[in-house]
Amino acid sequence: MGVSNEVPETVQWNGKQVPVYPMETVNFSKILCQEPEEVEKAVRICQTEGYFYIDLSGIDGRRLLEDQEKTLQLMHRFFEAPIEEKNQYGLVSPHLGYEPIASRTGVLEGTKDGYEMIKVARDEIQRDSPHIPDVIKNSGDIKILENAIAGSNVVTKAILSALSTGLGLTGASRFECSHRNDKPSTTTLAMMHYIPSDPAKDKKIGHQKHTDISSLTLLFSHEWGMQIRPPGAREFGFVKPKQGCAIVNVGDSLRFASGHTMQSCIHRVVPYDYAQHRYSIAYFLRAEDTTMFTDPAGRYVTAGQWHDEKFFAFTTDAELQKQAPAHMILGGMHEPEAEEEGVEVIAAPAPAPAQPIAVV
Ligand SMILES: O=C(O)CCC(=O)C(=O)O
Ligand SMILES: [Fe+2]
């Protein structure tokens, strides 16, 4: 089934009408029971769109919503702390530690990003003395982070399992078998704070366009700002935060593991209300480091290598990033030409060079 081009709603933003794209909703309680209709629906959505709301408002999911509210309070305390305290360990590895504002390319040409972020890896929180800044490391904090990670793991694993079932995968070919809980991976909880910014004058703005490295991303935010570009769509549009729901994105690893039949969701973040602070929590469920995939260039790579290369492309300066193969930032997803990006027209990605960019 194709993606509908109908956009039922628009909002006035940055001097023009911008679409608000519809998103289907998958019910978590039904997925937990692997109800065939819901499983089929999840598979169809992943193959055609690559994003959906997951309804967590039932008894099985709402404790996770409560965990996220507690995580939000912890984030406020963390982001209000002095920079030396937030940066106590720096960025220990790409999926663990603190990244200050302007560490990456921003959403507009010539800008840096407009968010700071603290990441707590799933593997790390289970160590005796995890690298977590002291400001959020008392026993209550650790429990909150642990609950947020464990709850997000249950939700994303249930979805992954439903997708395996829906595709008729059995035994070792099921997706869960490359996402085992006790095997090393870059799976992580990323907590982000976007600063207020005005696209007309500020130079630290939003979050650049990309697809996620992950297999599945579970995203929580109360504020507007997330924009997606549905497969084949000519422009970015907003997605509405929906009460009782999180957003699920298909990322590159699942796209690759599905033989490139699932859609990786192209998205970015822009300041919706220029005066507003925005907070988001993303759980990136990633494949075991040693999982092998064929990437969009036909290379046989490990999940760990794809992660490191793409992270390097995200954080390198804008000029070098343009030299990265276009398939790196967008996971092999294609965009229609002459796109209108919704903030200003940004040059189409440079043609892919013959060689992939260096591995960090
Ligand atoms: O902040 C958001 O809503 C999205 C963040 C995001 O896309 C990411 O961290 O990969
Ligand atoms: Fe993302």
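Where a number appears in this text, it was derived from the coordinates with a stated rule and is not lab data. Only a predicted model underlies this, so the values are computations on that prediction, with no experimental measurement involved. Please note: Cβ atoms are built from the backbone with ideal geometry, for glycine as well, and neighbour counts cover all protein chains shown.
Of all aspartates and glutamates in the structure, those lying under 20 Å Cα to Cα from K183, and not within fewer than 8 positions of it along the same chain, are D123, E124, D128, E146, D252, E288, D289, D308. How big is the dipole moment of the stretch 75-115 about its Cα centre under a simple scheme where the beta carbon of each Lys and Arg is +1, that of each Asp and Glu is -1, and everything else is neutral? Debye, nearest 20, please. Charge dipole, the stretch 75-115, about its Cα centre: 60 debye, nearest 20. For the stretch 153-294, the share of alpha carbon pairs falling in successive 10 Å distance bins from zero is 11, 39, 31, 15, 4, 0 percent.
Taking a ≥ b ≥ c as the square roots of the eigenvalues of the alpha-carbon gyration tensor, the stretch 180-256 is classed prolate because a/c is 1.5 or more and a/b outweighs b/c.
From the Cα gyration tensor of the stretch 73-226, with a ≥ b ≥ c the square roots of its eigenvalues, which class applies: rounded if a/c is under 1.5, or else prolate if a/b is larger than b/c, or else oblate? Note, shape of the stretch 73-226 comes out oblate.
Quick one: of K30/K86; K70/K322; K137/K157, which pairs are farther than 32 Å apart, Cα to Cα? Correct reply: K30/K86; K70/K322. Farthest towards the positive end of the charge dipole of the stretch 219-327, among the residues A282, F311, Q227, is the Cα of Q227, using unit charges on the Cβ of Lys, Arg, Asp and Glu. Of K310, K157, K70, the residue with the greatest mean-square motion in the GNM of the chain, using alpha carbon springs below 10 Å, is K70. Kirkwood analysis of the Cα pair distances in the stretch 258-323 returns a hydrodynamic radius of 14.9 Å. Let me test this: with uniform point scatterers at the alpha carbons of the stretch 211-334, what is the Debye-based log₁₀ I(q)/I(0) at q = 0.14, 0.17, 0.20 1/Å? Debye intensities relative to I(0), on a log10 scale: -0.64, -0.93, -1.21.
If you bin all the Cα-Cα distances of the chain at 20 Å, starting from zero, the percentages per bin are 31, 63, 6. Looking only at E69, E116, E319, which one moves most when the chain is put into a Gaussian network model with springs between Cα atoms under 10 Å? Judging by the Gaussian network model, the answer is E319. Dipole magnitude for the chain: computed about the Cα centre from +1 point charges on Lys and Arg Cβ and -1 point charges on Asp and Glu Cβ, it is near 280 debye. Comparing G171, G106, G225 in a Gaussian network model of the chain where C-alpha atoms under 10 Å apart are linked, the largest mean-square fluctuation is found at G171.
For the pair the stretch 266-321 and the stretch 178-249, the centres of their Cα atoms are 10 angstrom apart. Placing unit charges on the Cβ atoms of the charged side chains and taking the dipole of the stretch 40-172 about its Cα centre, the candidate lying farthest along the positive direction among G171, L108, I83 is G171. The residue list S129, P94, C46 was ranked by how far each Cα lies along the charge dipole of the chain toward its positive end, using unit charges on Cβ atoms, and S129 comes out on top. Cross-link partners of K203 among lysines, defined as those whose alpha carbon lies under 17 angstrom from its own and excluding same-chain residues fewer than eight positions apart: K112.
Rounded to the nearest 20, the size of the Cβ-charge dipole of the stretch 45-191 about its Cα centre is 380 debye, with Lys and Arg at +1 and Asp and Glu at -1. Relative contact order, whole percent, for the chain stands at 20, derived from Cα pairs under 8 Å and 6 or more residues apart.
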